[in-house]
Amino acid sequence: MSYETIEVNVAEAIATITINRPKALNALNQQVIAEMHAAVDEIAANENIRALLITGAGDKAFVAGADISELAKLNPVSAKHFASRGHELMFKIEALPIAVIAVVNGFALGGGLELALSCDFIYAADNAKVGQPEINLGIIPGFGGTQRLARIVGRNLAREMILTGMMLSAEEAEKKGIVNRVVPAAELMEAAGKTAKTIARKGRVSVQATKQTIANGMDADLETGCKIEINAFALCMASEDAKEGTSAFLEKRKPEFKGKLNQ
Ligand code: CO8
């Protein structure tokens, strides 16, 4: 499928979505959200794709937020529709059975940080800046920021960030647990690609089960979370990959995971 506001590339089982509106610092307008939905559906349907990187075009921004020129024209009905489509996209990204890494190569603000937070984890360039500056526009985060950010950094830091609209440097964001790794800008894509390839070589079933178990368990109490893990562990044992992984260890060879989710 061809797109106007994003680029999708697939190489060596790794897909990359690049949000491609550099003149507007890759701001998320309704077309970007619609095209991201279609691209993520396409990626979900392709079992050969084993990991996804999401990044922004140019060297200045990952995504500087929702497109403010579109936001300014919204009424309550269209705002609800736009916010809902954004939320649906973030949930769709979270539900992908493959690892998704946000490659934050500059500003990740507002909807841009929210997009990054819906990925499995974030790698950031050393010159990146992250924040939820919506308060400066007289609005609040609308693509999940009040919820996902608070779950990651805790209630009080999320309050401070959202109430002040402050921006954190990549280094500060790493200290606060928002960013997993800070890398010199020129090495960012390579570092994220290397991690994506590492995960892409693991078994499909165990990658998906890891993601689902952490996602479903985190919002439950510990006992319920552990029950979710027990069931997911048992399900993994039914997979070809569990047989291959354990046999390979015992036979002192490298595993070759070829299992499928629909086996
Ligand atoms: N939307 C539209 N255009 C943008 C955006 C944006 N979010 N950010 C930057 N641009 C445009 C600028 O208007 C400018 O365009 P032009 O050259 O035509 O004037 C171009 O990108 C370059 O930007 P700057 O000249 O401002 O670059 P600076 O280096 O001076 O500043 C900043 C960079 C600090 C990132 C600055 O551009 C900025 O503050 N941007 C806005 C950041 C922001 O407020 N983001 C939050 C937006 S609201 C949001 O994300 C809500 C999400 C939930 C939506 C729910 C839907 C209902």
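The values are calculated or read from the model by the stated rules, or taken from the named source; none is laboratory data. Model, not experiment: these values are computed from the prediction. Heads up, the Cβs are rebuilt from the backbone with ideal geometry, glycines too, and the neighbour counts pull from every protein chain shown.
Cβ-Cβ below 8 Å, separation at least six or inter-chain, first residue in the range 199-219 and over 17 Å from I152 (Cβ atoms) and in contact (Cβ under 8 Å) with a residue 12 or more places away in the chain, second aromatic (F, W, Y) and not in a helix (DSSP H, G or I): which pairs?
From residues that are over 17 Å from I152 (Cβ atoms) and in contact (Cβ under 8 Å) with a residue 12 or more places away in the chain, the pairs are R201/F257; K202/F257; G203/F257; R204/F257.
Which condition number does L53 fail, the rest of (1) more than 9 Å from the ligand (Cβ to nearest atom); (2) surrounded by fewer than 24 Cβ atoms within 10 Å (Cβ to Cβ); (3) within 22 Å of G138 (Cβ to Cβ) being met?
Result: L53 fails condition (3) only.
Quick check on I98: is it under 24 Å from A196 (Cβ atoms), away from the ligand (no atom under 16 Å from the Cβ) and of a type outside the set (S, T, Y)?
On the way: under 24 Å from A196 (Cβ atoms): yes; away from the ligand (no atom under 16 Å from the Cβ): yes; of a type outside the set (S, T, Y): yes.
Yes; evaluated as a whole, the condition is true for this residue.
Among what's in the range 65-87 and is near the ligand (Cβ under 7 Å from one of its atoms) and within 16 Å of the chain's Cα centre (by Cα), pick the residue that is nearest to A116 (Cα to Cα). Break it down into steps so the answer makes sense when it comes.
Going through the range 65-87, the residues near the ligand (Cβ under 7 Å from one of its atoms) turn out to be 65-69, 71, 74, 79, 82-83, 86.
From the residues that got through so far, the ones that are within 16 Å of the chain's Cα centre (by Cα) too are 65, 86.
Details: G65: 11, G86: 12 Å.
Of everything passing the filter in the range 65-87, G65 is nearest to A116 (Cα to Cα).
Within the range 29-47, count every residue that is at pLDDT 95 or above and farther than 18 Å from S2 by Cα.
Total meeting the criteria: 0.
The conditions are (1) hydroxyl-bearing (S, T, Y); (2) surrounded by fewer than 17 Cβ atoms within 10 Å (Cβ to Cβ); (3) under 19 Å from the mean Cα position of the chain (by Cα), and T246 fails exactly one of them. Which is it?
(3)
Test D41 against the stated conditions and say whether it is within 12 Å of the ligand (Cβ to nearest atom) and acidic (D, E). Steps first, answer last, please.
Numbers: within 12 Å of the ligand (Cβ to nearest atom): no; acidic (D, E): yes.
For D41, the condition - within 12 Å of the ligand (Cβ to nearest atom) and acidic (D, E) - is not met.
Kindly indicate which of E240, E223 is among the acidic types (D, E) and loosely packed, with under 15 Cβ neighbours inside 10 Å. Before you say what the answer is, go through the steps one by one.
Values: E240 fails: loosely packed, with under 15 Cβ neighbours inside 10 Å.
Only one candidate passes the filter, namely E223.
Any residue in the range 164-179 that is touching a Ser or Thr at 6+ places or on another chain (Cβ under 8 Å) and closer than 23 Å to E70 by Cα?
From the range 164-179, those touching a Ser or Thr at 6+ places or on another chain (Cβ under 8 Å) are none; that's our starting set.
Within the range 164-179, none of the residues are touching a Ser or Thr at 6+ places or on another chain (Cβ under 8 Å) and closer than 23 Å to E70 by Cα.
Here's a check for you: in the range 110-152, which residue that is surrounded by fewer than 19 Cβ atoms within 10 Å (Cβ to Cβ) and among the hydrophobic types (A, V, I, L, M, F, W, C) is farthest from the ligand (Cβ to nearest atom)?
Across the range 110-152, the extreme among qualifying residues is F121.
Identify, from the list A192, A186, the residue that is among the hydrophobic types (A, V, I, L, M, F, W, C) and out of contact with any strand residue (DSSP E or B) (no Cβ under 7 Å at 6 or more places or on another chain).
Details: A192 fails: out of contact with any strand residue (DSSP E or B) (no Cβ under 7 Å at 6 or more places or on another chain).
Just one listed residue meets the conditions, A186.
Which of the residues belonging to the range 88-129 are more than 10 Å from the chain's Cα centre (by Cα) and hydroxyl-bearing (S, T, Y)?
Y123
Which one of the conditions (1) within 16 Å of the ligand (Cβ to nearest atom); (2) more than 19 Å from A61 (Cβ to Cβ); (3) touching a Lys or Arg at 6+ places or on another chain (Cβ under 7 Å) does I162 fail to meet, given that it meets all the rest?
Condition (3) is where I162 drops out.
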